[in-house]
Amino acid sequence: MCATCGCGGDSAGLITIPHEHLPGAEHDHGHAHHDHDHDHAHGADHVHLPVTDTISLEQKVLAKNDLLAQKNRAWLEARDMLAINMTSSPGAGKTTLLVRTIQELAGVPVAVIEGDQETLLDAERIMATGCKVAQINTGAGCHLDATMTRRALDLLDPAPGSLLFIENVGNLVCPALFDLGEYGKVVVISVTEGADKPLKYPHMFSVASLVLVNKIDLLPYVDFDLDRFTGYARQVNPAVEILAVSATTGAGVTQWYDWLSAHRSQDVKRP
Ligand code: MG
Ligand code: ZN
């Protein structure tokens, strides 16, 4: 995982609330909430471990993350917020799906945390809907963690009862290991990818509550067998729910909204 791929260190995410600029315009970051003097202060607890001690380093990073994630979860639940951790490969259509979802779930307070290595591009697309959004730029890092999530929540301060989407960095590997404090993970896969993704990335599919198969409008043009995909996904996660959608045409998205509202009311009912 990330201790070996280079991003297992502590959270150094750069978190920005985008300004109301036109997408693509030059940004004056003078007013942004940058916070990158952070990692030296907090990184010390594992940076000096022997590099040969990879397994215990990974365990230590994950144990620390899990502890913070539990705090995030308690904080979110106390405010009746349903937090969904959205994961996928790059380009599966997470942001497009979120834009449509926010627009069509009118009346539901929504806040979004966007994770990307660089740029504010996705946050700007979300901001154009009028929704509260924070962008975390992970630099070399390939996943979000609980500390970055905590800091983004502090900046965003979503209204109690909000639906919170956390769009993870496009990567089907280590985001599976890092709990952010979410209610559930939703994996988005597009039909332009291989139907064998669940077998190649079993960790991600095994921790998913829901899989959204996106871009089904492209099914006539690609070699993607939905039944085969469903079989593989159930092989690694027998309980996983699977919905076929198109974020561009809107096909199937009602089932996704129903899934959200069912889980939202369950979440709110919790003692
Ligand atoms: Mg995106
Ligand atoms: Zn990573």
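A few remarks follow.
- Looking only at segment 63-89, residues that are among the hydrophobic types (A, V, I, L, M, F, W, C) and more than 17 Å from the chain's Cα centre (by Cα) come to 5 in all.
- Annotation: of all residues in segment 149-168 being within 17 Å of residue 15 (Cβ to Cβ) and surrounded by fewer than 23 Cβ atoms within 10 Å (Cβ to Cβ), the one that is nearest to ligand 1 (Cβ to nearest atom) is 156.
- Complete set of residues in segment 87-137 that are out of contact with any Gly (no Cβ under 7 Å at 6 or more places or on another chain) and within 16 Å of ligand 2 (Cβ to nearest atom): 87, 115, 116, 118
- For segment 100-133, filtering for residues that are within 21 Å of residue 155 (Cβ to Cβ) and either touching a Cys at 6+ places or on another chain (Cβ under 8 Å) or not in a loop (DSSP other than H, G, I, E, B) (or both) leaves 18.
- When residues in segment 188-203 are screened for being touching a strand residue (DSSP E or B) at 6+ places or on another chain (Cβ under 8 Å) and part of a loop (DSSP other than H, G, I, E, B), 1 of them pass.
- Checking each residue in segment 168-187 for being part of a loop (DSSP other than H, G, I, E, B) and in contact with a Leu (Cβ under 9 Å, 6 or more places away or on another chain) picks out 168, 169, 177, 178, 179, 180, 181, 182, 183.
- In segment 222-247, the residues that are in a helix (DSSP H, G or I), free of Cβ contacts under 8 Å to residues at least 40 places away in the same chain and in contact with a helix residue (DSSP H, G or I) (Cβ under 8 Å, 6 or more places away or on another chain): 226, 232, 233, 235, 236
- Residue in segment 204-211 that is buried (at least 23 other Cβ atoms within 10 Å of the Cβ) and in a strand (DSSP E or B) present: yes
- Restricting attention to segment 125-136, the residues that are over 21 Å from residue 176 (Cβ atoms) and more than 11 Å from ligand 1 (Cβ to nearest atom) total 8.
- Qualifying residue in segment 110-122 (condition: more than 13 Å from ligand 1 (Cβ to nearest atom) and closer than 25 Å to residue 19 by Cβ): yes
- Answer residue from segment 138-153, given it is in contact with an Asp or Glu (Cβ under 9 Å, 6 or more places away or on another chain) and among the charged types (D, E, K, R) and is farthest from ligand 2 (Cβ to nearest atom) among those: 151
- Across segment 65-92, the qualifying residues are those that are surrounded by 21 or more Cβ atoms within 10 Å (Cβ to Cβ) and either within 11 Å of ligand 1 (Cβ to nearest atom) or of a type in the set (Ser, Thr, Tyr) (or both), and the one among them that is nearest to residue 260 (Cα to Cα) is 86.
- Checked against the criterion of being surrounded by fewer than 21 Cβ atoms within 10 Å (Cβ to Cβ), at pLDDT 95 or above and not in a strand (DSSP E or B), segment 21-28 contains not a single residue that satisfies it.
- In the condition set (1) farther than 24 Å from residue 248 by Cβ; (2) within 16 Å of ligand 1 (Cβ to nearest atom); (3) not basic (Lys, Arg), residue 146 is compliant with all but (2).
The values are calculated or read from the model by the stated rules, or taken from the named source; none is laboratory data. All values reported here derive from a predicted model rather than from experimental measurement. Please note: Cβ atoms are built from the backbone with ideal geometry, for glycine as well, and neighbour counts cover all protein chains shown.
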